[in-house]
Amino acid sequence: PFAQYSKAEILADAKRERGDPAKLYLSERKSHELAHKCGGAYIGDGWVLTAAHCVPKFDLGPIDGRARNLITDRRIRMGTQNLTAGGAVFQIERVVVHSGYEPENKPHDIAMIKIVDNGQTARLGARLKTIRLHSPAKPLFNNEDVWVYGWGWLSPRAPGTAARQSVGGTTQRNPTELQQAKLKHVSGSRCQSLYKAWGPGMLCISGAGTGRDSCQGDSGGPLVRIEGNEKVLVGIVSQGYGCAYKDMPAAYTRV
């Protein structure tokens, strides 16, 4: 969580016109919506796997007149499916970003966060489980079912429109409870012309006309396949054009 926005910042934001790309809709949002940034997957030994664009730099700029820093201001909540309660909240010890990542086109959009664990993971018990990484020897096949999880925005958004508004012009909202969506892994040719950094480190994932998709706030979260009765981590939410827009496929980082 960050420091709370000041009254002056909330009032200034309220004066901006709806649809203004700079408008944050602060007065309409609950505290968990202002604090939530990205998802992640716990892979064990105090490490969380997420997207590099979720942790692009340590200096996050000022808010409420105070400088922000990823290590000191961000926290990781694990062991609950509710953004507002339960589980445990962890401080960040360090962050490792893929050396090939660059912000503009997002190649190698993957990072690892090391939490400060003072016995909290042990106390969470069965509420916190590690997820297994999939084997390269078992690649995803075309049209395979996959599942994405997160607390991202819930409504469709057209490419090029104000990011915080849905197709219908309503304010995008973050749920308190974890959401899931069943999607399809499709041929990379569907994504190759859309994403400049497209390469073997990416997966092309589609809602296949269902109206389901990941959206802002789901970044860094897990994409899984089912092997037997086990969820296996195959990808990370990375980038897309709009959300659930006319079967527009999204690019995920291949784990």
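The values are calculated or read from the model by the stated rules, or taken from the named source; none is laboratory data. Because the structure is predicted, anything quoted here is derived from the model rather than measured. Quick reminder, even Gly has a Cβ in these numbers, built from the backbone with ideal geometry, and neighbours come from all protein chains shown. Remember, those area values only see protein heavy atoms, side chains included, never the ligands or the DNA or RNA. Shrake-Rupley method; radii C 1.70, N 1.55, O 1.52, S 1.80 Å.
Want the number for residue 194 to residue 147: 0.36 nm per residue separation, take away the alpha-carbon distance, what's left? Before the final figure, lay out each step's value.
Working: separation 47, 0.36 × 47 = 16.92 nm, distance 2.20 nm.
Contour length minus Cα-Cα distance gives 14.7 nm.
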Q.
Give me a comma-separated list of calculated 3J(HN,Hα) values for the stretch 91-106, in order, Karplus coefficients 6.51, -1.76, 1.60 applied at θ = phi - 60°, integers in Hz, x for any Gly or Pro.
A. 6, 9, 8, 6, 10, 10, 9, 3, 5, x, 6, 9, x, 5, 10, 6
**Q.** All aspartates and glutamates inside 16 Å of residue 37 as judged from Cα atoms, apart from same-chain residues fewer than 8 positions distant
**A.** 59, 73, 109, 177, 218
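State the antiparallel share, in %, of DSSP beta bridges confined to the chain, rounding to the nearest 5. All intermediate terms of the calculation are to be shown ahead of the outcome.
Numbers: 48 of 50 bridges.
About 95 percent, rounded to the nearest 5.
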(Q) If you count only protein heavy atoms and use a 1.4 Å probe, how large is the accessible surface of residue 24, to the nearest 10 Å²? (A) 50
Q) In Å², what does the accessible area per residue of the stretch 1-51 work out to with a 1.4 Å probe? A) 56
Q) Which trypsin sites (Lys or Arg not before Pro) from the stretch 81-180 combine a DSSP loop assignment with at most 14 other Cβ atoms within 10 Å? A) 129
Q. Using a basic spin-label model with each label point 7 Å from the Cα along Cα→Cβ, how many nm lie between residue 231 and residue 85?
A. 2.2
**Q.** Inter-probe distance in nm under a simple model that places probes 7 Å from Cα toward Cβ, at residue 210 and residue 10
**A.** 3.8
Q. How do 252, 241, 101 rank by accessible surface area computed with a 1.4 Å probe, from largest to smallest?
A. 241, 101, 252
Q | residue 28 accessible area, 1.4 Å probe, all protein chains in place, Å² to nearest 10 | A | 70
Q. Percent of accessible area on the chain owned by carbon and sulfur, 1.4 Å probe?
A. 51
Q: Among the listed pairs 129/182; 15/196; 184/246; 114/138, give every one whose C-alpha distance is greater than 25 Å.
A: 15/196; 114/138
Q | Radius 15 Å from Cβ of residue 167, net charge of other residues (Lys, Arg +1; Asp, Glu -1) | A | +4
Q: Give me the number: length gained by fully extending residue 72 to residue 132, i.e. 0.36 nm times residue separation minus the C-alpha to C-alpha distance, one decimal in nm.
A: 18.7 nm
Q: Just the Kirkwood number for the stretch 214-255, please: inverse of mean 1/r across all distinct Cα pairs, in Å, one decimal.
A: 11.1
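Send over the Kirkwood Rh of the chain, from the inverse of the averaged 1/r over different Cα pairs, rounded to one decimal Å. Walk me through the intermediate numbers first.
Numbers: mean 1/r = 0.0527 Å⁻¹.
It is 19.0 Å.
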Q.
Could you give me D for the stretch 117-255, from Stokes-Einstein at 4 °C and 1.567 mPa s, where the hydrodynamic radius is the Kirkwood radius over C-alpha pairs? Units µm² s⁻¹, please.
A. 82
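Could you work out [θ]222 nm for the chain from helices alone, using -39500 (n - 2.57) per DSSP H run of at least four and dividing by all its residues? Round to the nearest 500 deg cm²/dmol.
Details: 5 runs with 27 residues, N = 255.
Mean residue ellipticity at 222 nm (helix-derived): -2000 deg cm²/dmol.
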Q: Pairs of Cα atoms under 8 Å, at least six residues apart: use those to get the relative contact order of the chain, whole percent.
A: 20
Q: Enumerate the calculated ³J(HN,Hα) couplings along the stretch 26-32 in order (Karplus 6.51 cos²θ - 1.76 cosθ + 1.60, θ = phi - 60°), each rounded to whole Hz, writing x wherever the residue is Gly or Pro.
A: 4, 5, 8, 9, 8, 4, 5
